[in-house]
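No value in this document is a laboratory result; all are computed from the given coordinates. Every value quoted in this text rests on a predicted model; they were computed, and no experiment measured them. Backbone-built Cβ (ideal geometry, glycine too); neighbour counts: all protein chains shown.
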Amino acid sequence: MGIIVQKFGGTSVGSPDRIKNVANRVIQEVEAGNQVVVVVSAMGKTTDQLVSLANEITSSPSKREMDMLLSTGEQITIALLSMALQEQRHESVSYTGWQAGIETEAIHSNARIENIEVSRVNESLKEGKIVVVAGFQGISSSGDITTLGRGGSDTTAVALAAALNADKCDIYTDVTGVYTTDPRVVPSARKLHSVSYDEMLELANLGAGVLHPRAVEFAKNFEMPLEVRSSIELENGTVIEEEVSMEKNLVVRGIAFEDQITRVTVSGLPNELHTLSTIFGTLAKNGLNVDIIIQNQTDENHTNISFSVKTQDLRDTLAVLENNKDLLKYESIQHEDGLAKVSIVGSGMVSNPGVAADMFQVLAQENIEVKMVSTSEIKVSTVVDQASMVCAVEALHDSFNLAAVEEEKAKVRL
Ligand code: ASP
Ligand code: MG
C-alpha cells in the first residue's frame, strides 16, 4: 500500500462520460490497495473559453482577476469528479488549491509553488478518502488566488507527490506516452519506454507539449518517478526517471520542433564590453524572451548580433529595439520570419562526439540550410526554413534510427 498521485488533463475530463471513466481509473488504484490523490485540469477547452470571455470584456484584464477567473475551470472538475466517485460509493473530498495547502509566490498568471502544507490532504487520506485537488492554482502569502502558467496542473501533481512522499506520480493524458517525435507529423514515431529527467526537460522546453517543464524540474529535484500514460488505453506509458536503462544504445532519443520562429539581426553595434548585456538586458526588461544568439565582429569597431524569437513576439521586439536606438547605438535591423527550430535530444551525446556533425550532414544531404545553431550537453538545435521543417525532422528521425525503437507490446495493465 502506498500513496499514488494521478493527474488527468483537460481532454481526459472533457465530458461527464470522461469524468466517469476517470473515476473508474482512480477506483482501480484504490482497489489495488493504494491511497490516491487525484489532480485534475479544467474540462476540455474551458480555460481557453474563459480567456476569450475575459477578452470580450477588456483587452487588458488585470492579472489578479484573470487568475480568479481561470481558477474556476479546475474547480468545476474537482466537484464533478468527487461526485462521480461518491456515486460509486467511494468516500472522496475535493479541495481547491488553497484548501490543499498549495502556497505560491505572489505573482499572478505564472506563479511558482513555494510550499505545500499537506496536513489537510494527509488527514483526509487517513480517513480513507480519495482526495481530489484542483490543478494549476495556489494561494499567495497575501491570500490571493494565483495560477501556475498554462499547462500547470502537471506541476501541481508532481509537487503534491513530492510533498506527500508519494510512491509515484502518473500523468494521464490523451496520448499514450512520450514519442521519439510527434506521431501526427512523422508516422514512424515510436513511443519511448523511458526517458531521463534531463532529456524530458529539454524536450518539454523545446515545445513537446506533453509535460509542463516545471513539473519535470520538480520531479528531477525530488527524484519522483513519473509516468506519462493514456487515460483511455490500458497500456504502459513512458517512465521518466533518473537512470534510463532501456534503449541505452540510442544516442539521440527524441526530435523536437517548433515553427513560427523569426531571426532578428541587429547590425553595426559598437564592439564594446557592454553591448551584449545592454541589448539583451533591454529586451528582458520588456519581458521579451530570446532563444538562440549569435554574435560576429564585422570590423575592429563593429559587431552584429542575431537572435531568434517567437514570431508572435516580433512586433514587440522591433518596437523595443527602435525605442532604444539611442541607447543601443546600432545602424540597422533586419529580420527573417518563416523559420523553424529543429532539435535533437539525447543523454548519449555527452559521451559520443560528432553527433552535431552527423546532424548537419543529414540536413546538408537534404539541401536544408542551417541558419542558426545552439547546443547543450544533450541537445543540438538548428534554425531552418519553416518549409523544410518536416523534411528535416523525418530525415533526422530516419538517420538516427528512431523508427527502430521497439514498440512494447500493448500490455494490458491497470
Ligand atoms: N487548465 C489549465 C490550462 O489549460 C491548466 C492545465 O490544464 O494544466 O492551461
Ligand atoms: Mg498539459
Tensor-based shape of the stretch 1-141 (alpha-carbon gyration tensor, a/c under 1.5 rounded, otherwise prolate or oblate): oblate
Estimated distance in nm for a label pair at LEU234 and LYS45, the labels positioned 7 Å out from Cα along Cα-to-Cβ: 3.3 nm
Other-chain or far-sequence residues with amide H under 5 Å of HIS302's (modelled H): ASN271
Of the DSSP H helices in the chain, those whose Cα atoms cover at least 18 Å axially and whose Kyte score averages -1.0 or more: 16-31, 63-87
Spatial separation of Cα centroids for the stretch 201-247 and the stretch 56-116, in angstrom: 23 Å
Cβ crowding within 10 Å averaged over residues, with 398-405, 68-75 ranked highest first: 68-75, 398-405
Using a Förster distance of 25 Å, the FRET efficiency for GLN312-SER277 (Cβ separation, nearest 0.05): 0.50
Ranked packing of 214-223, 154-163, 383-392, 363-372, most packed first, by mean Cβ within 10 Å: 154-163, 214-223, 383-392, 363-372
Karplus (6.51, -1.76, 1.60) ³J(HN,Hα), θ = phi - 60°, over the stretch 222-227, in Hz, Gly and Pro reported as x: 9, 6, 8, x, 10, 10
Residues listed by number, the stretch 270-308, amide nitrogen under 15 Å from LEU327 label point at 7 Å toward C-beta: 274-289
3J(HN,Hα) from dihedral phi, the stretch 327-342, Karplus parametrisation 6.51/-1.76/1.60, rounded to Hz, x for glycine, proline: 6, 7, 6, 8, 8, 8, 10, 10, 9, 10, 9, x, 10, 9, 10, 10
Among VAL22, ALA163, LEU318 - extreme Cα towards positive end, dipole of the chain, charges at beta-carbon: VAL22
For the chain: relative contact order, % (alpha-carbon pairs under 8 angstrom, 6 or more apart): 14 percent
Listed peptides 273-279, 334-340 by packing density, highest first (mean Cβ within 10 Å): 334-340, 273-279
Antiparallel bridges, percent of DSSP beta bridges restricted to the chain (to nearest 5): 60 percent
Contact order relative to length of the stretch 173-300, as percent, for alpha carbon pairs under 8 angstrom and 6 or more apart: 27 percent
Too-long pairs where the Cα-Cα distance tops 23 Å, listed order kept, from LYS45/LYS285; LYS7/LYS129; LYS7/LYS379; LYS63/LYS220; LYS341/LYS379: LYS45/LYS285; LYS7/LYS379; LYS63/LYS220
The chain: C-alpha gyration tensor shape, a/c 1.5 cut-off, then a/b vs b/c: oblate
